[in-house]
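Student: I have a structure here, written as structure tokens, and I will follow up with some questions on it.
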Amino acid sequence: MDRNWMELLQELRVLQTGVQILAGFLLTLPFQSRFETLDDVQITLYLANVALAALTTALILLPVSVHRRLFRLRLKATLVSSADRIAKVALAGVALLSVGTSALVFDVTAGRTAGFTAGAVLLAALLILLVFVPGRLRRQANNREMT
């Protein structure tokens with residue numbers, strides 16, 4: 001359990017850095033002169049991304065809060081299993097934040113069609129990389145164990 005906990009913490013640190021970079025980028029946008037030219041769709045997408053960044057940051061911090069509350073209660077298995085689920089949800093948040101931010105940047109710089117296309121392509125790529133590839137690797141490992 002100790003090793004699992006340490007691995008989860010390291011993964012959450014990586015996620016946190018990515019979210020911080022994207023959130024920092026988003027927070028600088030309103031202070032740019034071009035921000036005033038955004039249309040309603042772009043502003044909505046921007047605000048959704050900011051909210052998603054804040055929520056994902058909270059999710060990444062949640063295992064730390066849970067650890068503080070469960071510390072010394074001999075609930076390491078509960079801590080590790082809950083942190084595992086939280087990390088998976090946070091990873092989905094980072095993926096959606098990446099999609100939303102990319103869609104916004106493409107929309108502002110190359111137009112609405114480019115924005116939706118970039119978002120859709122990145123969403124598909126992330127689904128393949130974050131869902132299907134690990135699932136396939138897991139199935140292959142399970143098949144090897146059975147033989």
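The values are calculated or read from the model by the stated rules, or taken from the named source; none is laboratory data. As the structure is a computational prediction, the values presented were derived from the model and not from experiment. A quick note on method: Cβ atoms are made from the backbone with ideal geometry, for glycine too, and the neighbour counts reach across all protein chains shown.
Student: State which residue pairs qualify: first residue within 16 Å of ALA114 (Cβ to Cβ) and inside segment 24-50, second residue among the charged types (D, E, K, R) in any location, beta carbons under 6 Å apart, and separation of 6 or more residues or different chains.
Tutor: Filtered contacts from segment 24-50: GLN42/ASP107.
Student: Output the residues belonging to segment 97-147 that are of a type in the set (S, T, N, Q) and under 27 Å from GLN42 (Cα atoms).
Tutor: Filtering segment 97-147 for residues of a type in the set (S, T, N, Q) gives 98, 101-102, 109, 113, 117, 140, 142-143, 147.
SER98, THR101, SER102, THR109, THR113, THR117, listed by residue number.
Student: Counting only residues that are surrounded by 14 or more Cβ atoms within 10 Å (Cβ to Cβ) and modelled with pLDDT under 95, give me the helices (runs of 4 or more DSSP H) lying completely in segment 34-147 with at least 1 of them. Walk me through it before giving the result.
Tutor: Details: elements: 40-70, 76-110, 112-127, 133-146.
Once the helices (runs of 4 or more DSSP H) in segment 34-147 are filtered for at least 1 residues that are surrounded by 14 or more Cβ atoms within 10 Å (Cβ to Cβ) and modelled with pLDDT under 95, what remains is 40-70, 76-110.
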